[in-house]
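*Asks:* I am attaching a structure below and will ask some questions about it afterwards.
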Amino acid sequence: MDAKDEAERGLAVIQDYLYWDSHRRAAHHRAAEFAAHVPGLSEEQKTDLEWWYVEEQIRVSRAIAHHLTEQITMVEMRHTRRYTRLRRMSRVALAVLTATVSVLLVSLVLVAAG
């Protein structure tokens, strides 16, 4: 791996982290706004509510990512099977076509010679 590939990979990791951090901060902000509007909560309860909400958002995001990964894997496997079948069928068709052309050429040679 050269320096350019490593730099690109590093930038992608930084970008992913910043994206994740911005969503985490937005979740904290939404939870803090919600907790501020709930009467009778202590500061500790508000903090607990914020952390619960953020952890729940992270759990849901992971579940969605896991589901998407499973779906992508399933689609890739399906396409791999279809492509393998298509390649096999094209090889058979090519073999049949080659055999047919060979038989026709031999017949033509025999007719021309006879």
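The values are calculated or read from the model by the stated rules, or taken from the named source; none is laboratory data. Computed from a prediction, not measured in an experiment: that's the story for all the values here. In this analysis, Cβ positions are derived from the backbone assuming ideal geometry, glycine residues included, and neighbour counts consider all displayed protein chains. Accessible surface is based on the protein model in full, side chains and every heavy atom, while ligands, DNA and RNA are left aside. Shrake-Rupley method; radii C 1.70, N 1.55, O 1.52, S 1.80 Å.
*Asks:* Checking residue 27 against (1) at pLDDT 90 or above; (2) within 19 Å of residue 16 (Cα to Cα), which single condition isn't satisfied?
*Replies:* (1)
*Asks:* Turning to a different aspect of this structure: Checking the condition among the β-branched types (Val, Ile, Thr), within 33 Å of the chain's Cα centre (by Cα) and either open to solvent by 90 Å² or more (accessible area, probe 1.4 Å) or at pLDDT 95 or above (or both), which residue from 84, 100 passes?
*Replies:* Going through 84, 100 in turn, the sole match is 84.
*Asks:* For the stretch 66-81, give me each residue that is open to solvent by 100 Å² or more (accessible area, probe 1.4 Å), under 12 Å from the mean Cα position of the chain (by Cα) and of a type in the set (D, E, K, R).
*Replies:* Within the stretch 66-81, just 76 meets the criteria.
*Asks:* Taking the stated definitions as given, is residue 52 modelled with pLDDT under 85 and surrounded by 10 or more Cβ atoms within 10 Å (Cβ to Cβ)?
*Replies:* no
*Asks:* Separate question: Quick one: in the stretch 5-39, of everything that is touching an Asp or Glu at 6+ places or on another chain (Cβ under 7 Å) and among the small types (Gly, Ala, Ser), which residue is surrounded by the fewest Cβ atoms within 10 Å (Cβ to Cβ)?
*Replies:* Here the residue is 32.
*Asks:* Next question. In the stretch 40-49, which residues are open to solvent by 70 Å² or more (accessible area, probe 1.4 Å) and closer than 26 Å to residue 61 by Cα?
*Replies:* Correct list: 44, 45, 48.
*Asks:* With the structure loaded, tell me whether residue 63 is at pLDDT 95 or above, open to solvent by less than 90 Å² (accessible area, probe 1.4 Å) and assigned to a helix (DSSP H, G or I) or whether it fails that test.
*Replies:* Against the criterion (at pLDDT 95 or above, open to solvent by less than 90 Å² (accessible area, probe 1.4 Å) and assigned to a helix (DSSP H, G or I)), residue 63 does not qualify.
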